[in-house]
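Have a look at this one.
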Amino acid sequence: MSNDDKPFFVGYLDVPGPLRRFLLLACVAVIGIFVATGFLIGSTQDEPPASGFRFDYGRQTVTGVIELTPYPLLRVTQGNDLIKPGKTLMLTGQGKFGVDARAMGLEGQLAEVSGIILQRGTIDMMQLAGGRRGLKMIEGDAPAMETEPLGRWKVAGEICDGKCLNGAMRPGRGLAHKACAALCLVGDVPPVFVSTQLIEGSDFMLITGPDGTRLPKAAYDYIGQFITAEGDLERRGDMLIFKIDTDTLEVTDE
Amino acid sequence: MSVKYTPVQWNLNKWVYDAVMLVGVVAFLWLFLFVSPELLSHEFPINPQVHNARAFGACAFVMLTVILCIGPLARIDERFLPLLYNRRHFGVMTTFVAITHASYILNWYFAFSKSDKFSALLFANTSYTQLAGFPFEAFGIFALICLAVLAATSHDFWMKFLTPPVWKRLHSLIYFAYAAVVAHVSLGILQDQQNHVFTVIFIGGALAVAGLHAYAAWLDWRGGDEVGAESNGWIEICSPEDIKNGFAKIKLLPNGERVAVFNQEGKLSAISNACAHQNGPLGEGRVIDCLVTCPWHGFQYDVTNGRSPAPFTETVPTYNLRLTDGVIQVDPKANPPGTFVEPVPIPGWQEVPA
């Protein structure tokens, strides 16, 4: 019951005098809430890792040997000022597309690749230009490339896609990014495992299924989560390849 | 009040309301979008699309939180009632801000793949059986659909078409939408945050909404309208002296309805306490120009017949009443809306000078 003489507001009439001061304060408070929250939330965003497309380097062209893990890698044999021989590059297409189909049939062949570098500390990935401008077989004998087995490992970290991790998206990992990473993997972008600790000098490795198969779909549920996994590790040039055993995937809090 | 449907029946207070709301929202977005990147000065900044998505998403959350605080605040302190007056404009704008957030997400995280982005939104993450990594997007989709439905049906046309009780029930979806937003944020962005300022603001906002509703409900429960005592089939209200001129006494009837008994110039009349517009509490209103005026949106009724003045057409039920041994009694069977009931004079009534 409103059985008193409090000021009574009617929307289409003038605001009663005694209410004006209160409503003025309420307006200031509402605007203040928006100003304060906008400023505080906006100015406390986490800094993404230093990574991204290096359009400033311009288009890079190097030559090397294609290896299918099954995700295509380029073992650089003839580099340039930026990408030296001995480097191993993961290859990806534009958008959420890999280059598996384009690299099919080129395993062990000498090829020239051209595209934009994605850099996260070291340079580990190239986004190829379209068509034969981005990837083409070239004449010549491909040198034999060594693969160094590193034994069985148990690692802790996170599964994500190599492209976003390397800065195609910032931030490009974590649970909020899970759906995007899954879409990238469905599109054949190379999957990677980001380790919490350096393994053989690297904090990430390309992952495949056991025996050189594609990453099993069973692993997709674990994308972005902190997990442990076991598998066989090998080194190809300066790139680690982890053949993950999905039966050992386990979510962990530690 | 409206006699015909127009998009918005503007008045000065609505202009001021919307201006304040716009200033707040624009300030939020300006600070987030244009000032904070300078302050953050990240070497490799967050992608603009992600930054924009976060700005509009956080803004929608703050807007929704403010909107949901207004209701209980107005129940706790009547001075907040003016903030309720034009709240649906606030709600409609929140929907547009939320749609902008969703658009940035859809056109960034779910674009550039071989799948249609809308399909990708539904299939990219299907880990529904786990909490960490749960497809939090589903909660966002649900909340956005709710907001869109509420915005689309916010006009008085829909209230009249659906009837106020159905409309009110439909618009209770806002609580489910808010709960979904809380789940969306908790299982999404909060999982990856290292800086916890947003976490604190988010939890504070959600707790404010929950706390204010709980407190207002407790106040209602503690000081709520009493059920009138029954006497030979009639319900006792109070003594006529307990109702000041131009005000009402509200009583709960056995059937759960509320009746508001008004004293207008020494004559008693009883009408339903629920306004035909949005079920606003007429008994908490005032008599202005001989018409009961709803405290929520100013809809007016003649207290003797429950009819809005011409050309308006809203009606509310009236009740028969009588004075027995100095006690006002109301027949709990409501008359059809708009039925005239002869007012009952209060014997020897004299207006008390202010």
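The values are calculated or read from the model by the stated rules, or taken from the named source; none is laboratory data. Everything quoted here is computed from the prediction, not taken from an experiment. As a convention, Cβ positions derive from the backbone with ideal geometry for all residues, glycine included, and neighbour counts pool all protein chains shown.
Just checking, how many residues over region A:146-176 are away from every other protein chain (no Cβ under 14 Å) and either buried (at least 21 other Cβ atoms within 10 Å of the Cβ) or not basic (Lys, Arg) (or both)?
11
Considering each residue of region B:304-325, count those that are surrounded by 19 or more Cβ atoms within 10 Å (Cβ to Cβ) and outside any loop (DSSP other than H, G, I, E, B), and give that number.
So the count comes out to 5.
Is it fair to say B:Tyr109 is more than 21 Å from B:Arg169 (Cα to Cα) and touching a Cys at 6+ places or on another chain (Cβ under 8 Å)?
Yes; evaluated as a whole, the condition is true for this residue.
Identify, please: which residue in region B:189-223 is more than 23 Å from A:Ala36 (Cβ to Cβ) and over 17 Å from the mean Cα position of the chain (by Cα) and is, among those, modelled with the highest pLDDT?
B:Trp218
Since B:Pro332 meets every condition but one in (1) under 28 Å from A:Val10 (Cα atoms); (2) surrounded by 15 or more Cβ atoms within 10 Å (Cβ to Cβ), which condition does it not meet?
Going through the list (1) under 28 Å from A:Val10 (Cα atoms); (2) surrounded by 15 or more Cβ atoms within 10 Å (Cβ to Cβ), B:Pro332 breaks only (1).
Say whether the condition of being closer than 23 Å to B:Asp192 by Cα, within 14 Å of chain B (Cβ to nearest Cβ), more than 12 Å from the chain's Cα centre (by Cα) and buried (at least 16 other Cβ atoms within 10 Å of the Cβ) is met by at least one residue in region A:189-206.
no
Let me ask something additional. Among all residue pairs at least 6 apart or on different chains, which show Cβ distances below 6 Å where the first residue, located in region B:32-49, is within 7 Å of chain A (Cβ to nearest Cβ) and the second is surrounded by 16 or more Cβ atoms within 10 Å (Cβ to Cβ) and small (Gly, Ala, Ser)?
Pairs found: B:Phe32/A:Gly38; B:Phe32/A:Gly42; B:Phe32/B:Ala55; B:Ser36/A:Gly42; B:Ser36/A:Ser43; B:Leu39/A:Ser43; B:Phe44/A:Gly52.
Against the definition (in contact (Cβ under 8 Å) with a residue 24 or more places away in the chain, touching a Leu at 6+ places or on another chain (Cβ under 7 Å) and more than 14 Å from chain B (Cβ to nearest Cβ)), how does A:Pro143 come out, yes or no?
For A:Pro143, the condition - in contact (Cβ under 8 Å) with a residue 24 or more places away in the chain, touching a Leu at 6+ places or on another chain (Cβ under 7 Å) and more than 14 Å from chain B (Cβ to nearest Cβ) - is not met.
Can you give me the number of residues within region B:47-97 that are farther than 20 Å from B:Ser36 by Cβ and among the hydrophobic types (A, V, I, L, M, F, W, C)?
Looking only at that region, the number is 17.
Take A:Asp211 and tell me if it is at pLDDT below 95, more than 9 Å from chain B (Cβ to nearest Cβ) and in a helix (DSSP H, G or I).
yes
Working only within region B:83-127, note down all residues that are among the β-branched types (Val, Ile, Thr) and either away from every other protein chain (no Cβ under 12 Å) or under 31 Å from the mean Cα position of the chain (by Cα) (or both).
Just the residues of region B:83-127 that are among the β-branched types (Val, Ile, Thr), to begin with: B:92, B:94-95, B:97, B:99-100, B:105, B:126.
Result: B:Val92, B:Thr94, B:Thr95, B:Val97, B:Ile99, B:Thr100, B:Ile105.
Right, here's the next one. Do you know which of the residues in region A:67-108 that are within 14 Å of chain B (Cβ to nearest Cβ) and in contact with an Asp or Glu (Cβ under 9 Å, 6 or more places away or on another chain) is surrounded by the fewest Cβ atoms within 10 Å (Cβ to Cβ)? Let's see the steps before the verdict.
Step one: filter region A:67-108 for residues within 14 Å of chain B (Cβ to nearest Cβ), giving A:92-101.
Among the residues that remain, those that are also in contact with an Asp or Glu (Cβ under 9 Å, 6 or more places away or on another chain) are: A:92-93, A:96-101.
Values: A:Thr92: 29, A:Gly93: 22, A:Lys96: 29, A:Phe97: 20, A:Gly98: 26, A:Val99: 26, A:Asp100: 19, A:Ala101: 11.
Here the residue is A:Ala101.
Ok, one more. Report every pair of residues separated by at least 6 positions or lying on different chains whose Cβ atoms are under 7 Å apart, first residue within region A:102-125 and under 22 Å from A:Pro70 (Cβ atoms), second of a type in the set (D, E, K, R) and assigned to a strand (DSSP E or B).
A:Glu107/A:Glu67; A:Ala111/A:Lys136; A:Glu112/A:Lys136
While we're on this one: List the strands (runs of 3 or more DSSP E) that sit entirely inside region A:38-157 and contain at least 1 residues that are under 29 Å from A:Lys243 (Cβ atoms), touching a Ser or Thr at 6+ places or on another chain (Cβ under 6 Å) and at pLDDT below 95. I'd like the intermediate steps shown before the answer.
Numbers: elements: A:60-68, A:72-78, A:88-92, A:110-120, A:122-128, A:135-137.
Because the criterion is at least 1 residues that are under 29 Å from A:Lys243 (Cβ atoms), touching a Ser or Thr at 6+ places or on another chain (Cβ under 6 Å) and at pLDDT below 95, the strands (runs of 3 or more DSSP E) in region A:38-157 that meet it are A:110-120.
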